[in-house]
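Trainee: Have a look at this one.
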Amino acid sequence: NAGVTQTPKFRVLKTGQSMTLLCAQDMNHEYMYWYRQDPGMGLRLIHYSVGEGTTAKGEVPDGYNVSRLKKQNFLLGLESAAPSQTSVYFCASSHLMVNYGYTFGSGTRLTVV
Amino acid sequence: GENVEQHPSTLSVQEGDSAVIKCTYSDSASNYFPWYKQELGKGPQLIIDIRSNVGEKKDQRIAVTLNKTAKHFSLHITETQPEDSAVYFCAANQAGTALIFGKGTTLSVSS
């Protein structure tokens with residue numbers, strides 16, 4: 001049972017390049033979330049999904065897009081990377097929204113130069 | 001929306017001492033308050049949570065208390081051990097969306 005798997009684990013991008021971060025969960029969870037973690041800023045919600053085919057904006061959505069075409073996968077896209085998007089990105093999933101604990105992935109460390 | 005404040009940002013204790021981390025929240029509609037532990041290079045892991053219908057919950061050496069009137073909740077770790085060293089995050093649910101996290105507390109336990 002893998003839980004939540006994030007790929008890639010590390011990536012270096014040049015300013016203006018695009019990339020997609022993949023999150024996959026095998027727990028049949030309905031809800032999935034993308035957070036970014038920056039020093040001294042905690043975990044900030046980027047986007048979330050309440051089910052297959054649905055997405056919604058979180059606290060810091062600008063510069064990111066997401067898609068949930070399959071229940072088990074939640075993709076985070078950066079169309080034109082900026083140095084301000086240098087961060088550690090965490091995906092999480094939960095069975096029921098909000099009132100139950102999340103299972104987090106191990107993170108993707110992204111550096112934009 | 002919900003805003004969660006967490007204090008202190010860093011906490012150093014001696015092995016065997018107790019550690020307390022405090023959080024406040026702004027949205028009176030919040031009713032779920034989890035705590036996560038994050039070890040270096042890993043994702044956060046849920047260690048304990050509390051819902052608004054109870055005031056205290058314990059699990060071995062860790063406990064969480066909730067004061068809904070004052071809108072604050074706290075994590076208590078007793079008999080700290082070096083393996084308790086990590087970053088701890090509190091969170092509160094924002095109605096209809098997702099968990100909003102505090103900025104984290106780095107706990108260092110020295111032996």
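Trainee: Using DSSP to call loops (not H, G, I, E or B), can you name the trypsin sites (Lys or Arg not before Pro) in segment A:1-77 whose Cβ has at most 14 other Cβ atoms within 10 angstrom?
Mentor: A:9, A:14, A:70
Trainee: With viscosity set to 0.890 mPa s at 25 °C, what whole-number translational diffusion coefficient in µm²/s follows for the protein assembly as shown from Stokes-Einstein and a Kirkwood radius over Cα pairs? Numbers along the way, then the final one.
Mentor: On the way: Rh = 17.9 Å.
For the chosen part, D equals 137 µm²/s.
Trainee: Please list log₁₀ I(q)/I(0) at q = 0.14, 0.15, 0.29 Å⁻¹ for segment B:33-74, using the Debye equation with identical point scatterers on the alpha-carbon positions.
Mentor: -0.35, -0.40, -1.00
Trainee: Further, regarding this structure: To the nearest 20 debye, what is the magnitude of the charge dipole of chain B about its Cα centre, counting +1 on the Cβ of each Lys and Arg and -1 on the Cβ of each Asp and Glu?
Mentor: I would put it at about 300 debye.
Trainee: Give the Cα extents of segment B:15-111 along the principal axes, in whole Å, largest first.
Mentor: Largest first, segment B:15-111 extends 42, 27, 18 Å along its Cα principal axes.
Trainee: What does the convex hull of the Cα atoms of segment B:1-44 come to per residue, in Å³, rounded to a whole number? Please list the in-between numbers first.
Mentor: Numbers: hull volume 5.1 nm³, N = 44.
With only Cα atoms used, segment B:1-44 gives 117 Å³ per residue.
Trainee: Now for a different question. Projected onto the charge dipole of segment B:43-111 (+1 at Lys/Arg Cβ, -1 at Asp/Glu Cβ, origin at the Cα centre), which of B:109, B:77, B:64 gives the Cα projection farthest towards the positive end?
Mentor: The residue sitting most towards the positive pole is B:64.
Trainee: Using the alpha-carbon centroid of each, what span in Å lies between segment A:1-28 and segment B:52-87?
Mentor: So the two Cα centres are separated by 32 Å.
Trainee: If you don't mind, there's one more thing I want to ask. Let me confirm one metric for peptide A:35-44, namely the mean number of other chain beta-carbon atoms within 10 Å of its residues' beta-carbons. Intermediate values should be presented prior to the final figure.
Mentor: Details: counts 5, 0, 7, 1, 2, 3, 3, 12, 11, 3.
That works out to 5 on average.
Trainee: At 0.36 nm per residue, and after removing the present C-alpha to C-alpha distance, how many nm does the segment from residue A:2 to residue A:69 gain when stretched out fully?
Mentor: Fully extending the segment from residue A:2 to residue A:69 adds 22.1 nm.
Trainee: With the contact rule set at Cα under 8 Å and sequence spacing of 6 or more, what percent relative contact order holds for segment B:1-109?
Mentor: Reported relative contact order: 37 percent.
Trainee: Something else: From Cα coordinates alone, what are the radius of gyration and Dmax values for chain A in angstrom?
Mentor: Spelled out, the Cα radius of gyration and Dmax of chain A are 13.1, 39 Å.
Trainee: Oh, and also: So what is the relative contact order for chain A, in percent, with contacts set as C-alpha pairs under 8 Å and at least six apart?
Mentor: 36 percent
Trainee: Continuing with the same structure: Mind listing which GluC sites (Glu not before Pro) in segment B:23-87 are in a DSSP loop and have 13 or fewer other Cβ atoms within 10 Å?
Mentor: B:39, B:79
Trainee: Let me ask you something else. Partner chain Cβ atoms within 10 Å, averaged over the residues of B:94-107 - can you pull that number for me? Could you put the intermediate results ahead of the total?
Mentor: Numbers: counts 4, 1, 4, 10, 18, 12, 6, 8, 2, 7, 6, 1, 0, 0.
Per residue, the number of nearby Cβ atoms from other chains is 6 on average.
Trainee: Contact order normalised by length for segment A:1-48, with contacts defined as Cα pairs under 8 Å and 6 or more residues apart; what percent is it?
Mentor: 32 percent
Since every read-out is calculated from the coordinates, none of them should be taken as a lab result. Just so it is clear, the structure is predicted and the values come from calculations on it, not from any experiment. All Cβ positions, even for glycine, are placed from backbone atoms using ideal geometry, and neighbour counts span all protein chains on display.
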